[in-house]
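All remarks here apply to the structure that follows.
Bear in mind that the values in this text are calculations on the coordinates, not laboratory data. Keep in mind the model is a prediction, meaning the values are calculated, not measured. Here the Cβ is made from the backbone with ideal geometry for all residues, glycine too, and neighbour counts use every protein chain on show.
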Amino acid sequence: MQADKSQNKGCTNLICPGFVQTDTSFHLGQPMENTSTYNGKQFEMSVDITHDPETKNWWVGIQNKKLGYYPEILFSNLAFANLGGWTGMTSTNVGNTSPPMGSGHLPDNNLLRSCYIRQMHFLDSSRRFNGTDFDEIEIYEDIPRCYRVSYAGWNDEIQGYSMLFGGSGGNCGD
């Protein structure tokens, strides 16, 4: 992950050092067996990242299974969080064509045709679930001609907040 506008650094998947795997039935970065088809059958994966208030570790879960954690020591300067985010990301070597993201189509507010994250929420300091309203959202698209994001807000049908994202990739340049 590149530096964001405030020059903060971040990282994703197992490129980040320190992850402690506790369940070997699934590994971060492992390809999925089932994938959705455009305008057809959809497959979902439940993902959560939770903070253990006792150990201060950050646990990663998939399909209601705790896979492992990032130890508290990696976040020693993090007394609290007031900002979080969800993202889609692709990467390629410099000079190569950028790959598609999600279904390879721009989001059109249809969960059958776009990559999506639904039932997005966070826990507050009282351990209550909260969603995010439109006035609290900052959408960042680094290459909008190739990839887009659409925040759908609250949706009764999916019982939560959602975002749709993706794009064809291609000759995106810098």
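Brief remarks follow.
- Projecting label points 7 angstrom from Cα along Cα→Cβ for residue 154 and residue 38 puts them 3.4 nm apart.
- Ranked by how many other beta carbons lie within 10 Å on average, peptides 140-153, 54-67 from highest: 140-153, 54-67
- Long-range HN-HN contacts of residue 57 with modeled amide H, under 5 Å: 52, 72
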